[in-house]
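Structure record follows, encoded as structure tokens.
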Amino acid sequence: MTKEWQPEEQLFLHHANEREGHGSGRRFFSRGGVKYALLALLEQEGMHGYQMMKALEEQSGGTYKPSAGSIYPTLQMLRDQGFVESSKQDGKKVFEITEEGRAYLLEESDNAATGMERPEQSESEDEGAPFERRKPNRRLTPAGKELLHLLKAAERAAVTDPSKAAQLRVILDDLRVSLRQITTETDCDSKEGGAI
């Protein structure tokens, strides 16, 4: 077996010189999800664009790194639709949700909860609830974020250094065995408990 980190061992899509956030918004959110996520943030408090970008990154556990090129045009669209308004505060443009924005957010939240789309939406429109609203909440805790970031960093190191690739291979093999053992024990405990 070669010592270099192999494509079939790859854990994450981004390595080395690739920008980790490049294009990730389209994978993290369904159509129109960024719009919904921004409104949900603004429902909590008024924010400027950079604050919203950082908040979305934190909510995703670092897996989504929004760019100004995706956030600011969406904010402009929300403003054009009357869902947000902006004002200058301390030299920064701060956005706040309007009553129309709150009504839209509530409607979309209800639609996501019932699994229904709005009738006027079609597959070709860039609308829809965000990915997180259709699935259970999968946000990471601080410990989970740290583990994910360490794993990503270790894989980046393994891609460029065969000795680190060998180390990571051993760690991952041991981890897989341990995790399988834990899940097997949990499954057996559940079955035994249910048989009584």
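The values are calculated or read from the model by the stated rules, or taken from the named source; none is laboratory data. A quick note: this is a predicted structure, and the numbers were derived from the prediction, not measured. Positions of Cβ are generated from backbone atoms using ideal geometry, with glycine treated the same way; all protein chains shown enter the neighbour counts. Ligands, DNA and RNA are stripped out before the accessible areas are found, and what is left, the full protein with its side chains, is counted by its heavy atoms. Shrake-Rupley method; radii C 1.70, N 1.55, O 1.52, S 1.80 Å.
Restricting THR160, THR141 to those that are modelled with pLDDT of 85 or more, under 30 Å from TRP5 (Cα atoms) and open to solvent by 70 Å² or more (accessible area, probe 1.4 Å) reduces the list to THR160.
Applying a threshold of 8 Å to beta carbon distances and a minimum spacing of six or more residues, or different chains, the list of pairs starting in segment 101-116 at a residue that is at pLDDT 65 or above and assigned to a helix (DSSP H, G or I) and ending at one that is of a type in the set (Phe, Trp, Tyr) and crowded, with 16+ Cβ neighbours inside 10 Å reads GLY101/PHE83; TYR104/PHE83; LEU105/TYR36; GLU108/TYR36.
Rundown of residues vs (1) crowded, with 16+ Cβ neighbours inside 10 Å; (2) touching a strand residue (DSSP E or B) at 6+ places or on another chain (Cβ under 8 Å); (3) at pLDDT below 90; (4) in a loop (DSSP other than H, G, I, E, B), yes/no style:
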{"site": "TRP5", "(1), (2), (3), (4)": "yes, no, yes, yes"}
{"site": "GLU8", "(1), (2), (3), (4)": "no, no, yes, no"}
{"site": "ASN17", "(1), (2), (3), (4)": "no, no, yes, yes"}
{"site": "ARG26", "(1), (2), (3), (4)": "no, no, yes, no"}
{"site": "GLU57", "(1), (2), (3), (4)": "yes, no, yes, no"}
{"site": "PRO66", "(1), (2), (3), (4)": "yes, no, yes, yes"}
{"site": "GLY69", "(1), (2), (3), (4)": "no, no, yes, no"}
{"site": "LEU75", "(1), (2), (3), (4)": "yes, yes, no, no"}
{"site": "GLU96", "(1), (2), (3), (4)": "no, yes, no, no"}
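Within segment 40-54, residues that are farther than 13 Å from VAL84 by Cα reach partners that are hydroxyl-bearing (Ser, Thr, Tyr) and surrounded by fewer than 19 Cβ atoms within 10 Å (Cβ to Cβ) with beta carbons closer than 8 Å, at six or more positions or on different chains, in the pairs MET53/SER67. At pLDDT 65 or above, open to solvent by 50 Å² or more (accessible area, probe 1.4 Å) and of a type outside the set (A, V, I, L, M), is that true of PRO119? So PRO119 fails the test.
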